[in-house]
Amino acid sequence: MSTSERTTARVLASEIRSGARSARTVLEEHLAAIDAREHEINAFNLVLADEARIVADAIDARVAAGEDPGPLAGVPVALKDNMCTRGVPTTCSSRILEGWRPPYDATVVERLVAAGAVVVGKTNLDEFAMGSSTENSAFGVTRNPLDPTKVPGGSSGGSAAAVAAGFTPLALGSDTGGSIRQPAALCGVVGVKPTYGAVSRYGLVAFASSLDQIGPFSRTVADSALMLEVIGGHDRRDSTSVPGPAADLSSVLDHGVEGLRIGIIEELSGDGLEGVADDVRARLHEAVVALEAAGATVASTSVPSTVYGLSAYYVVAPAEASSNLARYDGVRFGLRVDAPNAGDMNSATRTAGFGDEVKRRIMLGTYALSAGYYDAYYGKSQKVRTLILEDFARAYGEFDLLLSPTAPTTAFPIGEKTADPMTMYLNDVCTIPSNLAGHPAMSVPFGVGEDGMPVGVQVLAPASGEPTMFRAAKVLEAAAPDGHPAVGGKMAGSPAGVRHE
Amino acid sequence: MTDRISKEDVAHVADLARLTLTDEELDAFTGQLADVLDHAADLEALDLADVEPMTHPLPMRNVLRPDVVGETSDRAEVLACAPSVEDEQFRVPPVLGESP
């Protein structure tokens, strides 16, 4: 493994800005890492090697001319393939978008490029971000770099795997019910779902619009903070965008947790029907000890309505998806399967273009919104969101942050849960409540389970609570028992030559 | 699997959603959708009569901008994404009747 693969985005950008290393050299090292293992991992739907070389050379030319290309100068990044890239195929890992090249860039892509980042590829996902294992892709399964017989989690499994495998130090994912945090946990990397509206959704292909949010993957907490500072902040092209600039996270990262009150969510940390594996709970308890040792006060607390989160989510998200995905009709973009009349063409196109999980959710959502069932399902679920919001508000009256496992288990074998959708959905039980409430939450790697695979601890915060959330994440990162499993060594005090700030 | 949703219901929503299912798919999807709806049955026990549905995660107000023409997509670029176009319009098979 080259030094570059183990180096953080912060170090890379600072070396490239100062001229100590060239963006082109850094890029070639990462492309070599991709060449070596991508055939096995399948993290990418598309690698943009030639395009990236042109961008990297331009960054080097700017540095040579005395310019500053920005805070991510020359840093290779990967984008989940549901973010629009002008002129570059954007598939959502679905046949139905076959051949589509978006005529515009997503806001996050514009901001990354403006900050000097080098886009190296588009990553695999569960089709339209619907799934928890990246097995629902039209372009094949992505494998977990730490054990290729296991799933990387999902739906942003390609982005998580790319970062865990050292293909890029940073990647973007999207999180509707846990699709950044759960794969981050299963691959042993950091993953952040920001506050709803903190990052523009312009150019993110819509799944469930009231829940979707873009966020970073990285190998260190500080790198996720940096990436979030670059992509966050108001965007007039997203009407749900929160006014004001992105929160300053870098300057508070090392402020510690002295005096903070942190609550463990009982309902998401127990061992009931939808309970959490023993080894995951053991790591959570060690995380609590670490936070207490750093000066925080930690106590158990009840957020009772979170137990209804899964049910409410699997009504609300499919309902919104059934509406959002009505646009794929074979008329304006992507696949068309010809038929003698327009209605048959619509049906033939959608039947051929969508995979089973997408069809399942479209039908579930159509049913939940149909006459006679709207109040029983959708109406009730939206009320449950109010209950969850109120319960969180009560908990945050007492605590600054909340804590839970990110996922109930470590990475499971490929194929184990594909036959039973409901079992697969249970993966999201700990992550869903934050989406329903619009709150930020992040997963931090914290040791490994009995199988040697990474465990993630989830830090939850109230709306716009990212600065405090990142402080706790930084403390957990420093205290993590096995350091950073994804890059094969401890980040802190590493004997293996890992470079960090 | 329960009788929470019938095969006829699933066939109906598939038709509404413009999806064509084989008999095998209809059987499989009916069971799977029933499982999810069974799980969602825990919501039935909740008394939500006095709870307001949440319409947006954060308190927000209407976002308005001056009514002036801003940047728009390029027509040729947008049309280039379509499977079939004619005279700067999207071309589709006949909506009424069938093509010869």
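Read-outs: derived from the displayed coordinates by stated rules, not from any lab. Quick caveat, the model's predicted, so the values are computed rather than measured. Cβ sites come from the backbone with ideal geometry, for glycine too, and all protein chains shown count toward neighbours.
Taking amide H positions as modeled 1.01 Å from N, with prolines and chain starts lacking one, the residues under 5 Å from A:THR123 and 5 or more places away or on another chain are A:ASN45, A:LEU79, A:LYS80, A:ASP81. Sorted from greatest to least, the principal axis extents spanned by the alpha carbons of the range A:328-385 come out as 42, 21, 19 Å. Proximity of backbone amide H atoms, modeled 1.01 Å from N, is registered between A:ALA198 and A:VAL242 at under 5 Å, excluding neighbours fewer than 5 places apart on the same chain.
Which value, in Å³ per residue, describes the convex hull spanned by the Cα atoms of the range A:241-381? Don't skip to the end; give the middle numbers.
On the way: hull volume 30.4 nm³, N = 141.
Spread over its residues, the Cα hull of the range A:241-381 gives 216 Å³ apiece.
Need one number for the range A:258-297: average projected area of the convex hull over its C-alpha atoms, nm². For the Cα atoms of the range A:258-297, the hull's average projected area reads 2.7 nm². Its Cα gyration tensor gives the range A:138-276 an equivalent ellipsoid. The semi-axes, each the square root of 5 times an eigenvalue, are 24, 21, 17 Å from largest down.
Rounded to the nearest angstrom and listed largest first, the equivalent-ellipsoid semi-axes of the range A:108-149 from its Cα gyration tensor are 26, 14, 8.
For the Cα trace of the protein assembly as shown, dividing Rg by the Kirkwood Rh returns an Rg/Rh value of 0.96.
Partner shielding of B:78-84 amounts to 6, given as the average count of beta-carbon atoms from other chains within 10 Å of each residue beta-carbon. With all pairs of separate Cα atoms included, the range A:383-471 yields a Kirkwood hydrodynamic radius of 14.4 Å. Can you give the helix-only mean residue ellipticity at 222 nm for the protein assembly as shown, where every DSSP H stretch with n ≥ 4 adds -39500 (n - 2.57) and the sum goes over all residues, rounded to the nearest 500 deg cm²/dmol? After summing the helix terms and dividing by residue count, I get -11000 deg cm²/dmol.
Per residue of A:312-319, how many C-beta atoms from partner chains lie within 10 Å of its own C-beta, taken as a mean? Don't skip to the answer; put the middle values down first.
Numbers: counts 4, 1, 4, 5, 1, 0, 2, 0.
Other-chain Cβ atoms within 10 Å of each residue's Cβ, averaged: 2.
3J(HN,Hα) along the range A:156-169: 7, x, x, 5, 4, 5, 4, 6, 5, 7, x, 6, 8, x Hz, from the Karplus curve 6.51 cos²θ - 1.76 cosθ + 1.60 with θ = phi - 60°, whole Hz, x for Gly and Pro. Altogether, the Stokes-Einstein calculation at 37 °C and 0.692 mPa s, with the Kirkwood radius of the range A:299-423 over Cα pairs as Rh, returns a diffusion coefficient of 186 µm²/s. Only beta bridges with both residues in chain A are counted; by DSSP, about 65 percent of them are antiparallel. Each principal axis of the Cα cloud of the range A:41-85 was evaluated for its coordinate range; sorted largest first, these ranges are 38, 20, 19 Å.
On average over all directions, what projected area in square nanometres does the range A:37-139 have, based on the convex hull of its Cα atoms? Could you put the intermediate results ahead of the total?
On the way: hull surface 28.8 nm².
With the hull built on Cα positions only, its mean projection is 7.2 nm².
For the range B:1-82, the Cα-based Rg and Dmax, in that order, read 21.9, 55 Å. The mean number of partner chain beta-carbon atoms within 10 angstrom of a residue's beta-carbon across peptide B:14-27 is 5.
Per the Cα gyration tensor, the range A:144-210 maps to an equivalent ellipsoid with semi-axes of 22, 12, 10 Å, ordered largest to smallest.
Of the peptides A:27-35, A:108-116, A:177-185, the order by per-residue mean of other Cβ atoms within 10 Å, starting with the highest, comes out as A:177-185, A:108-116, A:27-35.
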